Amino acid sequence: MPSRRLMLASTAAALLAAPMLRAQSTLDAIAERAAGFDQLYAIALWADGEPALRRVLRGPAEGVTYNVKSVAKTWVASLLGAAIARGEVSGVDATIGEVAPRLVPSGADPAVAGITLGNLASMQAGLERTSGGNYGAWIASRNWVADALGREIVAEPGGRMLYSTGSTHVLGAVLAEATGLSLLAQMRERLGTPLGASIPSWVQDPQGRYLGGNQMGLTLDAMLRFGEMHRQDGVWNGQRVLPAEWIEAAMTPRTSSPWSGLGYGLGWFVGNEDGQRFALARGYGGQIIAVGPRMVMAITSNPNLPARSQGYFGDLLSLVGAGLRATA
């Protein structure tokens with residue numbers, strides 16, 4: 001007959017195995033559901049820093065860079081944290097007029113110089129948007145920074161969220177002035193190198209400044225490593241990449257999206273699922289980096305199709321929620 005000790009050990013093993021089996025079942029369900037979305041290219045999930053799910057369903061082959069669209073905004077905002085850590089910028093309350101006064105066009109509203117770098121990173125600059133229906137005219141302008149800063153102030157800076165690629169582009173230009181490095185050089189040196197991620201060149205404006213907040217290319221692994229570095233409070237592979245206090249500030253809501261209802265911090269959308277806080281980097285078409293307490297998820301999708309909050313993006317949020325529950 002089996003001993004009492006053996007029976008207890010077997011019972012304990014069964015109790016431990018049950019949650020693991022439930023989690024695996026949930027992960028399998030996530031993969032199956034993801035495969036049903038024609039727009040979705042690839043999905044990967046790490047649990048507690050370990051690979052748990054990876055499916056490349058369609059689109060570019062494994063290891064190829066994807067156009068992650070506005071996920072780039074989150075990476076640009078992170079460079080503000082890197083510049084603050086190096087003493088190149090005094091903090092998020094530093095203003096455009098203090099850090100890069102020559103970028104402010106002569107005809108701009110006097111209040112523009114007082115817009116803070118935190119306002120730019122959190123989409124609270126108050127300037128008329130350059131995204132949506134205004135995007136085409138903005139990128140057709142002769143000077144993208146001057147055009148963005150020369151627009152009318154339509155809300156109090158630091159107030160409601162006005163999602164605008166122009167704000168992140170201005171932030172990138174300000175950081176280039178403050179650091180003496182192009183946005184591409186900062187990306188490669190301060191994020192790409194420590195994360196072991198290749199950062200290819202991307203679109204530049206008429207003045208040669210790299211587009212802040214759109215058209216960057218990243219691999220699925222680069223997205224996962226960036227997310228995991230944030231989950232680990234700024235550390236990747238034993239090396240500090242960003243200050244822990246920056247990570248906390250970046251993932252703390254300062255405003256909220258009028259479309260999705262999610263909070264928005266410094267480059268990150270922020271939400272809550274069954275008591276678990278999560279943060280999202282989000283790009284047009286359904287490009288996602290999701291960070292939870294024990295999970296990081298990366299999703300790439302067709303960059304030429306929309307992902308609206310009440311449509312495909314809502315479907316992706318359900319995958320994120322399932323991933324959070326599977327790793328709780």
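The values are calculated or read from the model by the stated rules, or taken from the named source; none is laboratory data. Nothing here was measured: the structure is a model prediction, and the numbers come from that model. No Cβ is skipped: glycine too gets one built from the backbone with ideal geometry, and neighbour counts run over all protein chains shown.
Within the stretch 41-63, residues that are at positive phi and touching a residue at least 24 places away in the same chain (Cβ under 8 Å) reach partners that are among the aliphatic types (A, V, I, L, M) and in a strand (DSSP E or B) with beta carbons closer than 9 Å, at six or more positions or on different chains, in the pairs Asp48/Met295; Gly49/Val296; Gly59/Leu40; Gly59/Ala42. Considering the stretch 261-297 alone, what residues qualify as being over 16 Å from Leu45 (Cα atoms), out of contact with any helix residue (DSSP H, G or I) (no Cβ under 7 Å at 6 or more places or on another chain) and not charged (D, E, K, R)? Passing the criteria: Gly261, Leu262, Gly263, Tyr264, Phe269, Val270, Gly271, Asn272, Gly275, Tyr284, Gly285.
Of the residues making up the stretch 229-244, at least one is free of Cβ contacts under 8 Å to residues at least 40 places away in the same chain, out of contact with any helix residue (DSSP H, G or I) (no Cβ under 8 Å at 6 or more places or on another chain) and in a strand (DSSP E or B). Filter the stretch 259-271 down to the residues that are touching a residue at least 40 places away in the same chain (Cβ under 8 Å) and not small (Gly, Ala, Ser), then identify the one that is surrounded by the most Cβ atoms within 10 Å (Cβ to Cβ). The qualifying residue surrounded by the most Cβ atoms within 10 Å (Cβ to Cβ) is Trp268. Comparison of Ala121, Ala111, Ala146, Ala137 shows that the only residue that is within 22 Å of Gly166 (Cα to Cα), touching a helix residue (DSSP H, G or I) at 6+ places or on another chain (Cβ under 6 Å) and not hydroxyl-bearing (Ser, Thr, Tyr) is Ala121. Cβ separations smaller than 8 Å between residues 6+ apart or across chains give the following pairs from the stretch 97-113 residues that are more than 17 Å from Ala176 (Cβ to Cβ) to residues that are of a type in the set (D, E, K, R): Asp109/Glu152.
Conditions tested, residue by residue: (1) outside any loop (DSSP other than H, G, I, E, B); (2) under 19 Å from Trp246 (Cβ atoms); (3) modelled with pLDDT of 95 or more; (4) not hydrophobic (A, V, I, L, M, F, W, C).
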residue: Ser90; (1), (2), (3), (4): no, yes, yes, yes
residue: Glu98; (1), (2), (3), (4): yes, no, yes, yes
residue: Ala137; (1), (2), (3), (4): yes, no, yes, no
residue: Arg151; (1), (2), (3), (4): no, no, yes, yes
residue: Arg160; (1), (2), (3), (4): no, no, yes, yes
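The condition (being under 19 Å from Ala178 (Cα atoms) and in contact with a strand residue (DSSP E or B) (Cβ under 8 Å, 6 or more places away or on another chain)) is satisfied by just one residue among Leu117, Leu127: Leu117. Every condition in (1) closer than 16 Å to Ser167 by Cβ; (2) among the polar types (S, T, N, Q); (3) without any contact (Cβ under 8 Å) to a residue 12 or more places away in the chain is met by Ser78 except one, and the failing one is (3).
Contact annotation: residue pairs with Cβ atoms under 7 Å, 6 or more positions apart or on different chains, pairing a residue in the stretch 23-34 that is of a type in the set (Lys, Arg) with a partner that is surrounded by 13 or more Cβ atoms within 10 Å (Cβ to Cβ) and assigned to a helix (DSSP H, G or I), are Arg33/Leu319. Restricting Ala125, Ala121, Ala83, Ala72 to residues that are buried (at least 21 other Cβ atoms within 10 Å of the Cβ), among the hydrophobic types (A, V, I, L, M, F, W, C) and in contact with a Pro (Cβ under 7 Å, 6 or more places away or on another chain) narrows the list to Ala125. Within the stretch 29-39, the set of residues being farther than 12 Å from Gly323 by Cβ and not in a loop (DSSP other than H, G, I, E, B) comprises Glu32, Ala35.
For the stretch 272-317, the set of residues classified as buried (at least 23 other Cβ atoms within 10 Å of the Cβ), in a strand (DSSP E or B) and not hydrophobic (A, V, I, L, M, F, W, C) consists of Arg282, Gly283, Gln287, Thr300, Ser301, listed by residue number. Taking the stretch 203-224 as the range and being over 11 Å from Ala72 (Cβ atoms), of a type in the set (S, T, N, Q) and touching a residue at least 24 places away in the same chain (Cβ under 8 Å) as the test, the residues that pass are Gln207, Thr219. Would you check if Glu189 is among the acidic types (Asp, Glu) and under 14 Å from Ser78 (Cα atoms)? Yes. Look at the stretch 107-130 and say how many of its residues are farther than 10 Å from Leu171 by Cβ and either modelled with pLDDT under 95 or assigned to a helix (DSSP H, G or I) (or both). Residues flagged as farther than 10 Å from Leu171 by Cβ and either modelled with pLDDT under 95 or assigned to a helix (DSSP H, G or I) (or both) within the stretch 107-130 amount to 6.
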